[in-house]
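Shown next, in C-alpha cells, is the structure this report addresses.
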Amino acid sequence: MKETVKNIINTIYPISNQAFGEIEKLLIFETYSKGETFISRNKHNKKEYFALKGISKSYLINPDGDEITISFFLENSILSPHPIRTSKNISNLYFKALTDIELASIDAEIFEQLMIENIEIRNFANTVLQNELISKVEKEIGLASLSAKERLIEFRKKYRLLENLIPHTNIASYLGITNISLSRLRKDLMN
C-alpha cells in the first residue's frame, strides 16, 4: 500500500525517496465499506487523504434532504486537500464510499510542517492544490456554459467507465440535472 501512495505522489509531482520516506512513516491506512460516510460536514477533520482503492464522492445535502455530488475520487488519486475542504479543521463537506474503499491518511498539521521543511513535498502539495483549483473552475465553467448533453460528454471523458460502476443518481446530481434527464441523455447519446 505504501508503494501505491508513492506512485500517486510521483504521478502528480515526482519526489525523491528521501522525501517520500518522510511521508511514508506517517501514513495510516483506513478502509470503509460501500455507502459509509467517512468524513462528515461540520465535524472535526485534520487529515490529508490518498485514495488507494475504490470510488468515493464529496457531497452536500440540499434543503430537501438530497445528496448533491460535488466531486468523485477514483483509486490512485488524492481527496480534496485539507485547506480546501475544511475551515479551522471542520469539514465543509461530506465524503462517502461509493464502493468499498482503502485510503491512506496523514495528519494535516504534520504534513504542513513537512511542506515547510522540504521543498519537494511543498512542490507536490502546491501541485495538488493547483490541480484541485483547476478541476473546480472547469466544473463551474461547464455548469454555467455547457448544455446538459455537453456536460455528460465531458463527464465521460474525465471519468471513463464510472457510469457503469456507481448509481446514476450521483452522476445526475454532479451534472446538475435530474435522474430522468440523465436517462434521456444517455439514450439520446446511444443513437
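Every number here is computed from the coordinates shown, using simple stated rules; none is lab data. The structure presented is a predicted model; accordingly, all values stated were derived computationally and were not measured. Reconstructed Cβ throughout: ideal geometry from the backbone, glycine too, with neighbour counts over all protein chains shown.
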Response to the item:
Once both label points are put 7 Å beyond Cα along the C-beta direction, the R122-I110 separation in nm becomes 2.1
Response to the item:
Placing +1 on each Lys and Arg Cβ and -1 on each Asp and Glu Cβ in the chain, then taking the dipole about the Cα centre, the residue among I153, L27, I68 whose Cα reaches farthest towards the positive end is I153
Item to complete: Would you grab the residues whose amide H sits under 5 Å from the one on I78? Only those 5+ places off in sequence or on another chain, please, with H modelled 1.01 Å from N.
Response: A51
Fill in: Equivalent ellipsoid, the chain (semi-axes from 5 times Cα gyration tensor eigenvalues, Å)
31, 18, 16
Worksheet, complete the sentence: Calc'd 3J(HN,Hα), segment 116-128, phi into Karplus 6.51 cos²θ - 1.76 cosθ + 1.60 (θ = phi - 60°), Hz, glycine/Pro = x, comes to 5, 7, 10, 4, 5, 5, 4, 5, 4, 4, 5, 5, 4
Worksheet, complete the sentence: Among L103, H44, Y59, the residue whose Cα sits farthest towards the positive end of the charge dipole of the chain (+1 at Cβ of Lys and Arg, -1 at Cβ of Asp and Glu, taken about the Cα centre) is Y59
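Set the Förster distance to 22 Å, then compute FRET efficiency between K158 and R184 from the Cβ-Cβ distance, nearest 0.05. Intermediate results must be reported in sequence, preceding the final value.
Values: r = 21 Å, r/R0 = 0.96.
The computed FRET efficiency comes out at 0.55.
Quick one: compute the contact order of the chain, relative version, from alpha carbon pairs under 8 angstrom and 6+ residues apart, as a percent.
Details: 289 pairs, mean separation 47.3, N = 191.
Computed value for the chain: 25 percent relative contact order.
Within the set of other residues whose C-beta is less than 13 Å from the C-beta of I39, count the net charge using Lys and Arg as +1 and Asp and Glu as -1.
On the way: positive: R41, K43, K46, K47, K57, R85, K96; negative: E30, E36, E48.
That works out to +4.
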Item to complete: Have a look at L60, L161, L74 and tell me which one the Gaussian network model of the chain (Cα, springs below 10 Å) gives the largest fluctuation.
Response: L161
Worksheet item: If you find the alpha carbon centre of segment 89-110 and of segment 116-169, how far apart are they in angstrom?
Response: 17
Fill in: Helix 2-12 vs. the chain, principal-axis angle (Cα, 0 to 90°, nearest 10)
70
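Compute the signed sum of charges (Lys and Arg +1, Asp and Glu -1) over the other residues within less than 13 Å, Cβ to Cβ, of L182.
Values: positive: K149, R151, R156, R184, R186, K187; negative: E163, D188.
With Lys, Arg at +1 and Asp, Glu at -1, the net is +4.
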Discussion item. Beyond 12 Å, how much of the Cα-Cα pair distribution for segment 95-156 remains, as a whole percent?
Written reply: 78
Worksheet, complete the sentence: With segment 1-96 reduced to its Cα atoms and the Debye formula applied, log10 I(q)/I(0) at q = 0.11, 0.15, 0.21, 0.23 1/Å amounts to -0.36, -0.64, -1.13, -1.28
